[in-house]
Amino acid sequence: MREDLLWVEKYRPKRIADVIGNEEAKSAFTDWLKNKHRSKKAILLYGPPGVGKTTLVNAAAHEFGFRVIEMNASDARSEKAICKVAGPATAFVALDTFSSESKGNVLFMDEVDGIAGNEDRGGVSTILRLIEESRIPVIMAANDPDIDKLRPLKKVSALVRFHQVRIPLIIAMLQEICQKEHIEAEFEALERIAENSQGDVRSAINDLQSLAEASRKLTLQDTVGLSARNKDVGMDETLGGYFSAKSLLEASMRLSRSSVDYDELLMAIGDNLPLRYRDPAELAEAYDFVSQADVFRGRIGTENWHLLRYFFNSLAMAAAVSPGSYQPFSLISPPIRVITLFWTKGRRTMLNNICGKIGQRCHVSRATAKTDVVPYVKAMLSRRKADEIVSWLELDNEEVEFLGKLNRL
Amino acid sequence: MVAEEDAVMWVEKYRPKTLNEVVDLKDIVESLKAFMRNPKTMPHLLLAGIPGTGKTTVALCIARELFGQNWRTFTLELNASDERGIDTVRERVKDFSRYSRAAFGNVPFALIILDESDQMTGPAQTALRRIMETSSRTSRFILICNQSGKIIEPIQSRCAIFRFSKLDRDAMIDHLCCIAKKENVTLSREATERIVDYAEGDLRHAINALQTAAAYKEGVIDEKTVTQVIGEASPLQVQLMMRKALFGDFVESRKMMYDLIGSFGFSGSEIVRQMQRELFKMSGLTPEQRADLANVIGEYDYRLTQGANSDIQLSALLAQFAKIGKVKGENL
């Protein structure tokens with residue numbers, strides 16, 4: 001990443017009071033932390049993404065001075081994996097307990113609804129046993145608490161519900177960030193970002209960063225490109241936003257919001273890249289990233305979809321080679337390859353037939369005939385004694401004429 | 001069908017008919033002749049080596065020596081790169097071994113010549129191995145390939161392997177002179193040497209170049225004629241595409257790339273291979289440029305095997321050419 005830090009990380013609240021919105025949930029969670037011995041040992045925080053669940057846990061840890069042992073969706077969570085990380089942490093009251101800085105550990109399992117069926121075999125039942133045996137509090141977070149898998153967990157946990165954060169609170173937060181980052185922002189622009197986020201603070205901050213970080217200015221005009229996250233984003237809109245992106249982050253966001261098929265996207269970016277970059281060095285660098293994306297696409301094949309993020313990373317980097325050099329251009333479509341193969345089908349078939357005839361006569365494959373024999377035959381036909389060769393190879397008039405006009409290979 | 005003797009193209013007209021006539025392969029020919037004396041002892045054969053060194057010729061000679069005039073009846077000639085898949089190969093081999101009277105004099109089998117067999121995929125070769133086993137009572141295989149390393153071990157172990165190396169320069173010169181004499185063409189010494197140098201041990205190229213030169217000019221063929229032939233018959237499109245890119249005209253060079261794919265039906269790896277070959281024939285490059293370009297060609301050849309979309313890799317390669325050409329383009 002070119003940016004030092006994502007603003008969502010840079011401005012993540014360190015104190016419970018600074019976490020915006022969800023006051024009820026905050027106090028319920030704080031109560032549970034303070035009285036954990038009298039209530040249930042585990043707690044499940046649930047609600048839509050980006051409203052502060054993880055932030056609240058970390059802020060509380062900071063404030064109360066306990067240590068968070070975290071497992072999230074990027075870790076495998078089969079029975080074995082969970083036991084390996086969480087087992088030792090929950091079974092012993094660590095030596096830390098006696099040290100003055102730390103008041104103990106909590107286990108935090110983020111995105112428990114992401115525990116997958118097969119890969120994370122035995123995941124839920126292991127967590128259940130863990131809660132039962134654990135000597136330390138267990139905190140869990142989920143987006144969707146209604147899925148069947150989690151029902152056993154809900155029975156043994158205290159439940160805290162999070163809601164979407166109200167728009168005015170988000171606007172206030174964005175204003176604060178703008179002030180700290182010295183960004184001149186129109187109020188209407190911040191309003192639009194906040195509304196567009198639908199109560200998701202994280203996405204609002206990300207949008208702000210991608211739109212304003214480079215220019216340090218934000219007008220309502222800049223936010224026109226913002227689109228609701230659940231809307232269908234087609235090829236032209238994706239490419240338009242992608243090629244004009246002012247930062248890596250923005251390019252990456254454009255790609256992640258697109259609903260276009262990966263392979264079509266790759267082809268279209270490859271086709272249009274020379275229009276975006278006129279400078280050879282920039283073009284070579286950008287194509288190199290696209291080439292790497294294609295290599296990742298090859299490795300993904302039909303099953304390694306977890307590599308998709310690297311595919312998108314490389315594509316995003318291709319758009320961010322030199323944000324300053326962007327000039328509007330009109331997109332090439334449909335794909336060059338499709339057009340080329342359509343218009344040249346007749347020629348290709350003709351050449352293939354000729355090579356088949358040569359191959360029969362000269363005991364070579366069509367491919368070898370094409371590269372090793374056709375050039376000589378073409379040259380001979382242009383001179384004398386051509387008739388003999390034509391009849392021996394059994395070429396018809398059309399084929400002879402075709403060879404005469406054929407570009408020299 | 002026209003008999004071989006009436007062949008118009010010299011590569012066919014002067015293709016040796018017996019093992020004795022074969023150019024410059026004494027050791028191989030001696031071993032093979034032993035099989036001819038007692039055909040029952042002949043195993044499957046694997047002939048490996050660079051193009052134009054006589055592998056197909058030797059295979060056809062064996063067919064003639066075994067079956068005489070009727071060799072076509074008892075020989076199935078297949079080209080692996082032309083057949084769509086192993087199923088076609090299987091069907092044709094099956095049909096052939098069923099209908100050919102698999103006994104001719106003292107030869108108890110029919111012959112199947114499979115050219116360019118290293119073009120077959122691993123699974124196809126495994127299937128081929130099975131076919132070789134099931135038909136071994138009625139057929140013998142001659143597999144021909146450029147690289148024996150691309151043939152799976154189980155097949156290699158079932159074959160007697162013969163390696164064909166680059167043809168000897170003097171032997172090639174003799175052979176060309178011999179053809180020229182029979183065709184009543186006068187050829188200067190320098191012209192012959194120029195052809196042989198150009199062909200780099202590939203006799204097919206050499207003979208084709210000779211015949212083309214003879215078509216260009218009556219009387220004595222001199223070095224100038226040969227140079228003209230070589231110029232007109234060597235790949236131009238690929239060189240032009242590379243030059244366009246080096247001069248910074250990426251869009252035009254990409255157009256030519258699509259012409260190679262569209263009109264000529266080349267695959268991505270075929271184009272890259274040609275680029276590599278042409279790179280060393282291109283004039284006006286500094287040694288450093290050549291080294292840089294060879295490096296990027298190698299890199300993208302590899303990516304081509306890893307990636308999903310060959311157009312992307314070729315475009316990216318041409319973009320590298322444009323960059324290298326721009327940085328150090330003064331000499332172009």
Filter the stretch A:368-394 down to the residues that are within 56 Å of the chain's Cα centre (by Cα) and in contact (Cβ under 8 Å) with a residue 12 or more places away in the chain and list them by number.
A:Ala369, A:Lys370, A:Thr371, A:Val373, A:Val374, A:Pro375, A:Val377, A:Lys378
Taking the condition of being β-branched (Val, Ile, Thr) and not in a strand (DSSP E or B), how many residues in the stretch B:141-190 meet it?
6
For the stretch A:187-206 the number of residues that are closer than 23 Å to A:Ala320 by Cβ, surrounded by fewer than 24 Cβ atoms within 10 Å (Cβ to Cβ) and touching a helix residue (DSSP H, G or I) at 6+ places or on another chain (Cβ under 6 Å) is 3
Go over the candidates B:Ser188, B:Ser139 one by one and state the one that is at pLDDT 85 or above and not assigned by TED's automatic domain parsing to the domain that holds B:Ile50.
B:Ser188
Out of curiosity, is A:Ala369 closer than 26 Å to B:Arg273 by Cβ, touching a Gly at 6+ places or on another chain (Cβ under 8 Å) and not assigned by TED's automatic domain parsing to the domain that holds A:Met253?
yes
Against the conditions (1) free of Cβ contacts under 8 Å to residues at least 12 places away in the same chain; (2) farther than 30 Å from A:Leu33 by Cβ, where does A:Lys155 fall short? Just the number, please.
(2)
When you scan the stretch A:363-409, how many residues do you find that are out of contact with any Leu (no Cβ under 9 Å at 6 or more places or on another chain), closer than 15 Å to B:Asp82 by Cβ, assigned to a helix (DSSP H, G or I) and not charged (D, E, K, R)?
4
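Yes/no per residue for (1) among the acidic types (Asp, Glu); (2) over 30 Å from A:Asp387 (Cβ atoms):
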{"position": "B:Gly149", "(1), (2)": "no, yes"}
{"position": "B:Glu190", "(1), (2)": "yes, yes"}
{"position": "B:Tyr198", "(1), (2)": "no, no"}
{"position": "B:Leu210", "(1), (2)": "no, no"}
{"position": "B:Gly219", "(1), (2)": "no, no"}
{"position": "B:Leu236", "(1), (2)": "no, no"}
{"position": "B:Met241", "(1), (2)": "no, yes"}
{"position": "B:Asp249", "(1), (2)": "yes, yes"}
Counting only residues in the stretch B:239-277 that are surrounded by fewer than 20 Cβ atoms within 10 Å (Cβ to Cβ) and charged (D, E, K, R), the one farthest from the other protein chains (Cβ to nearest Cβ) is identified as B:Arg243
Checked pairs for the stretch B:242-254, first touching a residue at least 24 places away in the same chain (Cβ under 8 Å), second of a type in the set (Lys, Arg), C-beta under 7 Å and 6 or more apart or across chains, list as B:Gly248/B:Lys326; B:Ser253/B:Lys244
Just to check your reading of the model, which residue among B:Glu330, B:Glu299, B:Glu288 is at pLDDT below 85 and farther than 28 Å from A:Phe342 by Cβ?
B:Glu330
Please identify the pairs in which a residue from the stretch B:26-53 that is on the phi > 0 side of the Ramachandran plot has its Cβ atom under 6 Å from the Cβ atom of a residue that is outside any helix (DSSP H, G or I), counting only partners at least 6 apart or on another chain.
B:Gly49/B:Arg163; B:Gly49/B:Phe164; B:Gly52/B:Asp202
Go through (1) within 14 Å of chain B (Cβ to nearest Cβ); (2) closer than 22 Å to A:Gly298 by Cα; (3) not in a helix (DSSP H, G or I) and name the single condition A:Arg278 misses.
(2)
Helices (runs of 4 or more DSSP H) contained entirely in the stretch B:32-100, each with at least 3 residues that are within 14 Å of chain A (Cβ to nearest Cβ) and either modelled with pLDDT of 90 or more or surrounded by 14 or more Cβ atoms within 10 Å (Cβ to Cβ) (or both):
B:55-67
Only one residue in A:Lys370, A:Lys357 is surrounded by fewer than 19 Cβ atoms within 10 Å (Cβ to Cβ) and under 30 Å from B:Cys145 (Cα atoms). Which one?
A:Lys357
Residue by residue through the stretch B:142-179, note down the ones that are buried (at least 20 other Cβ atoms within 10 Å of the Cβ) and without any contact (Cβ under 8 Å) to a residue 40 or more places away in the chain.
B:Leu176
Among the candidates A:Asn313, A:Asn397, residue that is at pLDDT 85 or above, more than 43 Å from the chain's Cα centre (by Cα) and more than 8 Å from chain B (Cβ to nearest Cβ):
A:Asn397
Residues (over 21 Å from B:Thr305 (Cβ atoms) and of a type in the set (Asp, Glu)) located in the stretch A:271-318
A:Asp271, A:Asp279, A:Glu282, A:Glu285
Considering each residue of the stretch A:380-394, count those that are within 7 Å of chain B (Cβ to nearest Cβ), hydrophobic (A, V, I, L, M, F, W, C) and touching a Lys or Arg at 6+ places or on another chain (Cβ under 9 Å), and give that number.
1
Would you pick out the residues in the stretch B:213-238 that are assigned to a helix (DSSP H, G or I), more than 7 Å from chain A (Cβ to nearest Cβ) and over 13 Å from A:Asn407 (Cα atoms)?
B:Ala213, B:Ala214, B:Glu223, B:Lys224, B:Thr225, B:Val226, B:Thr227, B:Gln228, B:Ile230, B:Gly231
Would you be able to say whether some residue in the stretch A:138-148 is in the same structural domain as A:Asn105 (by TED's automatic domain parsing) and polar (S, T, N, Q)?
yes
Since A:Thr368 meets every condition but one in (1) at the interface with chain B (Cβ under 10 Å from one of its Cβ atoms); (2) under 24 Å from B:Ser267 (Cα atoms); (3) out of contact with any strand residue (DSSP E or B) (no Cβ under 9 Å at 6 or more places or on another chain), which condition does it not meet?
(3)
Mind checking which residues of the stretch A:330-351 are under 13 Å from A:Asp271 (Cα atoms) and either more than 14 Å from chain B (Cβ to nearest Cβ) or surrounded by 14 or more Cβ atoms within 10 Å (Cβ to Cβ) (or both)?
A:Ser330, A:Leu331, A:Ile332, A:Ser333, A:Pro335, A:Ile336, A:Arg337, A:Ile339, A:Thr340
Contact list please: Cβ distance under 8 Å, first residue in the stretch A:332-356 and under 24 Å from A:Thr368 (Cα atoms) and touching a residue at least 24 places away in the same chain (Cβ under 8 Å), second residue assigned to a helix (DSSP H, G or I) and of a type in the set (Asp, Glu), pairs at least six apart or on different chains.
A:Met350/A:Glu398; A:Met350/A:Glu399; A:Asn353/A:Glu399; A:Ile354/A:Glu399
Could you please give the count of residues in the stretch A:26-71 that are free of Cβ contacts under 8 Å to residues at least 40 places away in the same chain and at positive phi?
1
If you check B:Arg204 against the conditions, is it in a helix (DSSP H, G or I), at the interface with chain A (Cβ under 10 Å from one of its Cβ atoms) and not aliphatic (A, V, I, L, M)?
yes
Just one of the numbered conditions (1) within 14 Å of chain A (Cβ to nearest Cβ); (2) touching a residue at least 24 places away in the same chain (Cβ under 8 Å); (3) surrounded by fewer than 20 Cβ atoms within 10 Å (Cβ to Cβ) is not true of B:Asn184; which one?
(2)
Regarding A:Tyr287, is this residue in a helix (DSSP H, G or I), aromatic (Phe, Trp, Tyr) and facing chain B (nearest Cβ under 8 Å)?
yes
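The values are calculated or read from the model by the stated rules, or taken from the named source; none is laboratory data. Please read these numbers as outputs of a predicted model, since none were measured by experiment. Neighbour counts are summed over all protein chains in view; Cβ atoms, including those assigned to glycine, are modelled from backbone coordinates with ideal geometry.
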